[in-house]
Amino acid sequence: MSMLAVSLATAVIASAGWVSPSAPSLGVQAGQDTTYSCLTCHADKRRSFAAGVHSERGIRCASCHGGNPKSLETAAAHRGMKFDPKNKIAIAQECSSCHSDPNQMRQYGLPAGELAEFRTSRHGQVLLQGIADAPTCTDCHDAHTILRPTDARSNVYPTNIPSTCAACHSDAGMMQKYGLPTDQFAKYRAGAHGVAVFEQGNFAAPTCIGCHGSHAALPPAITEISTVCDRCHVLLGAEFHNGPHGKAASAGKIPGCLACHTNHGTEPVPPEEIAALCTRCHTADSRAALVGVEIQTQVVRAREELGLAEHAIAELTRQGRRVSDAKFRFETALTDFREIAKVQHSMDLELLDDLGRRVASISREVRETAEVSRERRWEHRLMLVPVWFLALAAIVLAGFRLGRPRKKGTGGNDHA
């Protein structure tokens, strides 16, 4: 390589901003590593790499790719390259050379079992079979811009995870090969979990990896579904496992929560559809189906009672009455109603009936308060009727007197 080319390469590398505390300045700005030749040809990678966490920790091109970064000759610089960046299995092995080392990962509080988990995942299984569609580390994390999961620009930031997974799982051409659907992302986005994450900013709600895992990504087995849901829905899970459905799920007879709910849509069952839902598995005249009818009756009735109480509070508010006590009672009823939503998973009809009665009792108290207030308003209005009558009579009498003509006097001025 000519001296002009060397000088030009040196200038490019210096302007790129690679820093090496031990590198000589070689006549350029102190601290600039002018001996690192990778950027002579790959200057486009500097900006993306510099934005990531790896560059903060002193990891550089040769740390992963190998080669001789001090050489400005292409052949010499590429000599000793460690792996083919197009080989997905090699990429996973290279990443694991650090990320599977507990001694290196411990200082950052990072796990060291990603590669072992990846091998157990469906992604890893397919990749090891030589199927090129399977993702490797850089398909989810990017190759050079490695960002922390807490960085909103990261592919694995909570609101970005669904779209990262959808990059493959919404690809109709790719998924058709494996007989997989492509509507998971759309259903998740519209479902309860998606609304919580995207619209409410609730990062405690699960994304794809919350149910499937990240590096060990697999769909839960039939006997595992309710356990996966229990990780967030602890109280609902306890009720479910105490009831007959929990025992059936543990035996693998039903797919846990998915017997009534969908997986990606995660929509609640409308109260008026509970009985019909039961008949998907049970005959309409069976004891189980009749239990479903009773549950629906209790839930619908409690919901109606809540609606009546809420309407009564709105009426009191319009009348200018104090509603703090009524609202407090309403919140208690609302808590009991939510308890109904939980207890129905155990199918405990006695407890459901008790909770329904408590909701109805509070609703009745609030409505009675509104009714008393309404009666008092009518009493006040009736009391005002005589007052308005007397006032109107006085006005009419005054008008009559003012409008009556005067009589002519008998004095001399009355004669011609």
>> Can you say whether Val269 is β-branched (Val, Ile, Thr), touching a helix residue (DSSP H, G or I) at 6+ places or on another chain (Cβ under 8 Å), closer than 29 Å to Arg358 by Cα and in the same structural domain as Ile362 (by TED's automatic domain parsing), as far as the supplied structure shows?
In response: no
> Looking only at segment 77-97, which residues are part of a helix (DSSP H, G or I) and touching a residue at least 24 places away in the same chain (Cβ under 8 Å)?
Replying inline: Ala77, Lys88, Ile89, Ile91, Ala92, Glu94, Cys95
>> So Ser55 passes all but one of these: (1) free of Cβ contacts under 8 Å to residues at least 60 places away in the same chain; (2) surrounded by fewer than 16 Cβ atoms within 10 Å (Cβ to Cβ); (3) not aliphatic (A, V, I, L, M). Which condition number does it fail?
In response: (2)
> Quick check: is even one residue across segment 148-161 surrounded by 15 or more Cβ atoms within 10 Å (Cβ to Cβ), assigned to a helix (DSSP H, G or I) and among the aliphatic types (A, V, I, L, M)?
Replying inline: yes
>> Would you confirm, using the coordinates I've provided, whether Gly201 is assigned to a loop (DSSP other than H, G, I, E, B) and assigned by TED's automatic domain parsing to the domain that holds Pro111?
In response: yes
> Before we move on, is Cys137 within 28 Å of the chain's Cα centre (by Cα), surrounded by 14 or more Cβ atoms within 10 Å (Cβ to Cβ) and closer than 22 Å to Gly213 by Cβ?
Replying inline: yes
> Taking segment 264-282 as the search range and keeping residues that are surrounded by 19 or more Cβ atoms within 10 Å (Cβ to Cβ) and part of a loop (DSSP other than H, G, I, E, B), which one is modelled with the lowest pLDDT?
Replying inline: Thr266
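Residues are listed down the side, and each one gets a yes or a no for (1) closer than 30 Å to Leu218 by Cβ; (2) modelled with pLDDT under 90; (3) of a type in the set (Val, Ile, Thr); (4) in contact with a Lys or Arg (Cβ under 9 Å, 6 or more places away or on another chain):
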| site | (1), (2), (3), (4) |
| --- | --- |
| Ser22 | no, yes, no, no |
| Ser25 | no, yes, no, no |
| Thr34 | no, yes, yes, no |
| Gly67 | no, no, no, yes |
| Asp84 | yes, yes, no, no |
| Ala90 | yes, no, no, yes |
| Phe118 | yes, no, no, no |
> Can you tell me which of Thr164, Thr182 is surrounded by 14 or more Cβ atoms within 10 Å (Cβ to Cβ), polar (S, T, N, Q) and either without any contact (Cβ under 8 Å) to a residue 24 or more places away in the chain or more than 30 Å from His233 (Cα to Cα) (or both)?
Replying inline: Thr182
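The values are calculated or read from the model by the stated rules, or taken from the named source; none is laboratory data. In this text, all values refer to a predicted model and were calculated from it rather than measured experimentally. Backbone-built Cβ (ideal geometry, glycine too); neighbour counts: all protein chains shown.
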